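Report on the following structure.
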Amino acid sequence: MTLPSPSGPSRADDGIRATLAEVRREIACRVCQGDIKRCRLAICPYLGRVREWFEGRKDLRTTNLFGASPPSAFVGSWGYPKVLVGPLVPPVRDEDTSILDASESWLGYELAEILRFRLSLVRGKAPRRVAEARAPDSILSTVQEAAMAAKPVDTEMWFTKRPSLVSPFSARAPPSGPSADLTKIELASNPSVPRRVDDLVSDTDVRAGEAVSDLYEHGITQSQITRVFSVGLLGMKDRRKLVPTEWSITAVDDILAKGLVQEVRRFPWISDFEVRSASGLANNVAILLFPQAFMFEGLEAWNLAASPTPAHDHEFAGGRTRYPDQIAGAYHATRLPVLEHLAGRRRQAGAIVFMEVYEDWVPLGVWRYRELARAALQKKPLRFASLDLAEAELGRRLQLPLENWWRASVLRAYLRGQRRITAYA
C-alpha cells in the first residue's frame, strides 16, 4: 500500500489531500465541514450537547495550565513539512486520566461522555519541521519524553494567550479541546516508560516498521505505539521524522496488518460462511467471513435515508498497492482486526466488512470502527453452508438494504461469479 507518508513533497501533498477528503466525508455538516471558524449557525449540531458544559469550564481557558496528561500528544498535518506539535493536557491533577486517550476502552461510554472528556484536553501547539524529531529542542524533547509514558504524566504548559476552541474534529483522530500556541512545557513527574519502548526508542538501527511490530508483540497498546511513532521516536536515526497523528493511526494499522497477512496465508481456509456484527456510538459494523484465500473489502454507508451506494475499497488475494482513497482510514482500521482474529484462530478467510453511520453520529475518529470490528469478532458467529443463507442474515443486521451494498461490492460479485471445480463433477 502507498500510504500518505512524509517521504517526499508529492506524497505529503497526497496525504494532505486525502486527509481533507476524509474530513469532508467524516464531518457531515454542510456548513463548516469540521472547521467551526466557518460556521454561521447559532448552535453547532455536533457540539450542541456539550457547548453549555464547555462554556462553564473556565479552567480550560488559562495561559498557564497544570494537569495530568493521559499521556497524549498531537502532530498536525497542515503546512507539512512544518507542522504543529504538542501535548494534550486536561486541567486535572491527582487523578487517573489515562482513559482520556485510551480509545481501546471507549466503546462502553456514551457519545456525550467521550466528547466531554476529549474536549477537556487542552492542546499546546509549537511549529516544528518534521526532521527536528532527530535533534529536538527543549519543547519537542519534552513532548517526546512524555509520549513514551504508559501512565499519566503531570505536565505544566504556558501559552501566548488563552486557549480557544477552533477545530475539535479530525478525520481519523479523536477530537480534542481548546488550543493555543505553546511557549514552555515542563514535566512535574517522571514518565513511567515500559522497558521495551525505552529499548526501541534508544535503538536507532531498527526500522520503524519493525519497531512497531515488536512493540505490538510485546503487549504495548496500539494507542501508545501510534503516539511514539507520531512524535518521531522510532526508526533509523537519520530517517526519524514527526508524522501527523492522522497519518500515524493509519500507518500503524497498516504495518501491523502486513505483519499478519503472510502468517494468515499459511493457514487452512475456514469451512463455512460466518456472520458477526456489533453496534455502538451510532455506528454499526457487520462482518462476513467466507472460505477463500485472504482477501478483503470495506464498505461504508452514510446518510442511510437517502438510500446511498456505499463507498468501498478492496483487495484480492494478491493484496493492494494503492491507498484506499474511498474509505481511507476506515479500511485499515477494520482490516487489522480481521487479520488479528484469523491469526488467533490459525485460519484463513476472505472478509467483507460493512460499516453504517447513523444520523446521531458525532465525529470521533476511525478507532470506533477498529473497536467495533474487534467486538464483533469476539462474538460467537452464525455459520452458514451457503452465501445465500449468510446474505439473508446480513440483511437482518444492516439498516441499508442489501441491494445497495451489492451495487458497490466487488468481492460479492467475485463470489457470485466463481465456480468451484466440484461444480463440474
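Just so it is clear, none of the values below were taken in a lab; they were calculated from the coordinates. The structure displayed is predicted, hence computed values, not measured ones. Here Cβ is always computed from backbone atoms with ideal geometry, including for glycine, and neighbour counts include all displayed protein chains.
Cβ-to-Cβ counts within 10 Å put Tyr216, Tyr414, Tyr369 in ascending order as Tyr414, Tyr216, Tyr369, the fewest first.
Structure note, pairs Lys82/Lys125; Lys58/Lys161; Lys82/Lys151; Lys184/Lys237: Cα-Cα distances above 19 angstrom occur for Lys82/Lys151; Lys184/Lys237. The average projected area of the range 78-118, computed from the convex hull of its Cα atoms over all directions, is 4.3 nm². For Glu186, the shell of other residues with beta-carbons less than 10 Å away shows a net charge of -1, using +1 for Lys and Arg and -1 for Asp and Glu.
The calculated FRET efficiency for the pair Lys237 and Ala392, based on their C-beta separation and a Förster distance of 56 Å, comes to about 0.50. Under the simplified labelling scheme, the Lys161-Ser307 pair shows an inter-label distance of 5.1 nm, with each label point 7 Å from Cα along Cα→Cβ. Measuring r between the beta carbons of Arg57 and Glu210 and using R0 = 41 Å, the FRET efficiency lands at 0.45. At q = 0.15, 0.20, 0.22, 0.23 Å⁻¹, what is the log10 ratio I(q)/I(0) for the range 231-358, with the Debye formula run over Cα points and no solvent? Taken in order of the listed q values, log10 I(q)/I(0) reads -0.77, -1.17, -1.31, -1.38. Take each peptide in 84-95, 224-235, count the other Cβ atoms within 10 Å of every residue, and average; sorted highest first, the result is 224-235, 84-95.
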